[in-house]
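First the structure, in the form of C-alpha cells, and then the observations on it.
What follows is calculated from the coordinates using simple rules that are stated; it is not laboratory data. Since the structure is predicted, the reported quantities are computational estimates derived from the model, not experimental observations. Because the Cβ atoms are built from the backbone with ideal geometry, glycine has one as well, and the counts that use them run over all protein chains shown.
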Amino acid sequence: MTDRYSGYTEFVDSRGRALLRTACLLTGDRTEAEDALQDALVKAAAKWPRINADGNPEPYVRKILYTVTIDRWRWRNRRIPEQLGSAPDRLSHRDPGHDVDQRLVVTAALARLTVRQRQVLVLRFYEDLTEAQTAHAMKCSVSTVKSQSRLALQRLRELAPELGDAFGTETIENGTEGVRA
C-alpha cells in the first residue's frame, strides 16, 4: 500500500471486531453484518486520506456503517429475522455481557423486534448516540427516533420482563411510560 492508505490496515485490525459487533446488532444476522461492514470499509478506504486526517477515523467509519446498514435494510424485503446472529464478545466497561444469561435474553429479545426498532436501540443505547445523532444516522426525524425507542423498549419489557431493571422507566405527566435518562 502507498502512503495514501497509511494506517488503514492497522485501523481495520484494531477496530474491525468492534465494528463487526455493531454491525451484528444492527442487522440481526452475522452474514449480513459481515457484508455491511465490508461495504463500509471499502467506502472508507476510498476516502481514507480525508477521514484519517485528524487521526480519528472511527466516527466517520461508523457513520458509513450505519448508512450502509440502513440502505441495505431499505432495499431488501422487510422480513424479521428468525435468529439474531451471534455478536462477538464485547470487552469494554459498558458490557452488560459479563452475565451470559442476560446477554442471551437480550439477544433473543432484540431478534424479535422489527429491524428499525432494533437499529434505534443499538444506535441509542449500545453506540450511545443522542436522539439527534441517531435520527441523522437513520435518515429520519428525531420524533421517529423517540417513538421507535419507546415502542422498542416497551416491546423488550414484554419479551424479557426479567430485564426490567436494565430498561428503567418513569411515569411522565400524561401517565405514559418513558425511558429514564
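Observations
- Count of residues meeting criterion [part of a helix (DSSP H, G or I), of a type outside the set (A, V, I, L, M, F, W, C) and surrounded by 15 or more Cβ atoms within 10 Å (Cβ to Cβ)] in region 18-34: 6
- Just so you know, in region 35-68 the residues that are free of Cβ contacts under 8 Å to residues at least 12 places away in the same chain and in a helix (DSSP H, G or I) include one that is nearest to the chain's Cα centre (by Cα), and it is Pro59.
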